[in-house]
Amino acid sequence: MSEKPARPVLVTGASGALGRQVAAALGARGWNLVLTDIAPFPDAVPATARFARADLEDGVAILRLAEGCGTILHFGGVSTEHPFESVIGPNIKGLFHIYEAARRERARVFFASSNHAIGFHERTTRLDADCQLLPDSYYGLSKAYGEMMGRLYWFKHGVENVNVRIGSSFPEPTNARMLSTWLAYSDLVELCVRATLAAKTGSCVIWGASANTRTFWRGDARATLGWLPRESSDAFAAQVGGVVSTDPVEERYQGGAYCAIDYTRNEMAPRDIF
Ligand code: 15L
């Protein structure tokens, strides 16, 4: 019998691509789950779970859903690039509601951050988790801010948080960049398990990628959680290694296509870094 958390786990964004995977896998382990999303849940609700629709911008609803929960796996919010005004409500105000609920419940937060919080680092650089935040989009900016919110709640209120900079979590890698950034669903689920069950996490950062030899990243807190990814993109190298774009901005930076969205610098001009 696999270990289960002492208190229920709230999963936000449960109807989204990653939330669904996590809800199904943790439900199959018999975990007591509270699932929520602004959209209806598209699957059968696991026997040990309940689903309630809620808007992250409704702070009272989030407080109610979090009652009694020991961990919040926060996948909710806008998950791709959008205009600034559309990102700020779900991703900033919504996350504030998550942290206020966690503070009240003495719960731990798993924050689905993103590689887009650091997307403007060059692909030739190997990054440690304490690297400079270099968001590549309004979406990435909200993730960088979210990581900072975690630091605030840890230092001011002792709310533990695990900030997972998810690379590309899809069934399979589909282009050359994803040979560096791919996170298999099974590795994501195991990371959620470890982040929930770990005795202590403090406020830490994890690179959310499988054991890809072409990785851009190293040096995070995985040993504290006891998480080791088992999958790797390497097996897909022959299949997708040649799939690249013709955009020099996209190909230069770790964040790929997000860096190229609305990019107005002259990419050919000499580059002043900091
Ligand atoms: C993300 O953060 C997005 O949610 C996802 O749709 C992908 O774009 C991924 O990053 C990626 O960088 O591949």
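Figures for the structure shown
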| quantity | calculated |
| --- | --- |
| Residue match in the stretch 29-45 (condition: assigned to a loop (DSSP other than H, G, I, E, B), in contact with a strand residue (DSSP E or B) (Cβ under 8 Å, 6 or more places away or on another chain) and open to solvent by less than 20 Å² (accessible area, probe 1.4 Å)) | yes |
| Residue check for residue 194: away from the ligand (no atom under 14 Å from the Cβ), over 24 Å from residue 31 (Cβ atoms) and among the basic types (Lys, Arg) | no |
| Only one of 145, 138 that is at negative phi, within 14 Å of the chain's Cα centre (by Cα) and open to solvent by 20 Å² or more (accessible area, probe 1.4 Å) | 145 |
| Candidates 240, 244 - the one that is of a type outside the set (Lys, Arg), open to solvent by 60 Å² or more (accessible area, probe 1.4 Å) and within 16 Å of the ligand (Cβ to nearest atom) | 244 |
| Residues of the stretch 1-28 classified as touching a residue at least 40 places away in the same chain (Cβ under 8 Å), at negative phi and not hydroxyl-bearing (Ser, Thr, Tyr), total | 17 |
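The values are calculated or read from the model by the stated rules, or taken from the named source; none is laboratory data. Note that the structure is predicted; figures quoted are calculated from it, not measured. Backbone-built Cβ (ideal geometry, glycine too); neighbour counts: all protein chains shown. In case anyone asks, the SASA skips ligands and DNA or RNA and just uses the protein heavy atoms, side chains included. Shrake-Rupley method; radii C 1.70, N 1.55, O 1.52, S 1.80 Å.
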